[in-house]
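This report refers to the structure that appears directly beneath it.
The values are calculated or read from the model by the stated rules, or taken from the named source; none is laboratory data. Please read all numbers here as calculations on a predicted model, not as lab measurements. Methodologically, a virtual Cβ is constructed for each residue, glycine included, from the backbone with ideal geometry; neighbour enumeration extends over all protein chains shown. Only protein heavy atoms, including side chains, enter the accessible area calculation; ligands, DNA and RNA are left aside. Shrake-Rupley method; radii C 1.70, N 1.55, O 1.52, S 1.80 Å.
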Amino acid sequence: TALSVCASFYPMYDFAVKIGGEKAQVTNMVPAGVEPHDWEPAAADIAGLESADVFVYNGAGMEHWAEDILEALENKGLTVVEASAGIELMEGHHGHEGEDAEEEDGHDAEAAEEEDGHEEEGYDPHVWLDPKNAKREMENIKNAFVSADPDNAETYEANFAKYAAELDALDETFKEALSPLPNKDIIVAHEAFGYLCAAYGLNQIPIEGLSPDSEPDPAKMAEIIDFAREHDVKVIFFEELVSPKVAEAVAEAVGAETMVLSPVEGLSDEESAAGGDYFSVMRQNLESLKAALQ
């Protein structure tokens, strides 16, 4: 019988499908078109985990519900893989307006106490947007599949080798395309692109924090608009699963256009229908970045 796998949201699902091939039956827990930061598992999702062989989640604070649910499960045979394990996490600012990184590090004792039990808080979970990290995540998933289903280890190893090579090629493509471009600053509606930017020497200027639905205050908006004017920014990026109104407001103020830059948290209906996946969305992201940074 096929390995039964539950994946927490789209990139985990896509990576698990690629590693599992015909040997795994993978369920994506977050329905298409739903923003995963806000999603909560229902009784049916928990029942699915009770009968699954493997649970794949990103970790790094992306699935705020995962730990509590895993503790409550009866399914003691479940192989759990935190795909971001071993990846160096970047700090994210969760919309603490006006605090810069230096202040973030100097947390006073009271704040530190408050944060106990949330050690993942404050990290940017969007590690998969750097193809080198995506490769590490796939490798972690592959290792979990091999341990849960050693009979099919060869298949999982072969699938991983194939996609690892594709991810290396994607990484090279990004490097070659982005390194010669004169502009390095991108204005994004949601602070999700830290890993992508770090990998290719770009600089993200986020309108809002890590969670895509926080509204920026007027001072922050004014600051972004000034920056965009000063640097002659032509494109303000937003993402498919979130309202574009903030990005549109900035774009209108500076005479820029808006474009989608996807954090690959889920596919749009069009992308699904067209057979899209991590690679196709990332290639589309590269086209958008090239257009914006010319």
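Structure notes:
- Hey, Asn133 in contact with a helix residue (DSSP H, G or I) (Cβ under 8 Å, 6 or more places away or on another chain) and open to solvent by 40 Å² or more (accessible area, probe 1.4 Å) or not: no
- Of everything listed in (1) of a type outside the set (Val, Ile, Thr); (2) touching a Pro at 6+ places or on another chain (Cβ under 9 Å); (3) closer than 30 Å to Gly77 by Cα, the single unmet condition for Leu170 is (3).
- Search result, residues across region 151-205 that are among the acidic types (Asp, Glu) and under 17 Å from Asp130 (Cβ atoms): Glu166, Asp168, Asp171, Glu172, Glu176, Glu191
- Taken over region 77-94, the criterion of being out of contact with any Pro (no Cβ under 9 Å at 6 or more places or on another chain) and part of a loop (DSSP other than H, G, I, E, B) is satisfied by Gly77, Leu78, Ala85, Gly86, Ile87, Glu88, His94.
- Members of region 145-171 found to be open to solvent by less than 20 Å² (accessible area, probe 1.4 Å) and either among the polar types (S, T, N, Q) or in contact (Cβ under 8 Å) with a residue 40 or more places away in the chain (or both), listed by number: Phe145, Tyr156, Leu170, Asp171
- Taking the criterion of being among the aliphatic types (A, V, I, L, M) and either over 11 Å from Val188 (Cβ atoms) or more than 24 Å from the chain's Cα centre (by Cα) (or both), the residues of region 224-241 that qualify are Ile225, Ala228, Val233, Leu241.
- Flag for Glu248 being more than 18 Å from Asn183 (Cβ to Cβ) and at pLDDT below 90: no
- Applying the set (1) without any contact (Cβ under 8 Å) to a residue 24 or more places away in the chain; (2) open to solvent by less than 70 Å² (accessible area, probe 1.4 Å); (3) of a type outside the set (Asp, Glu) to Lys142 leaves exactly one unmet item: (1).
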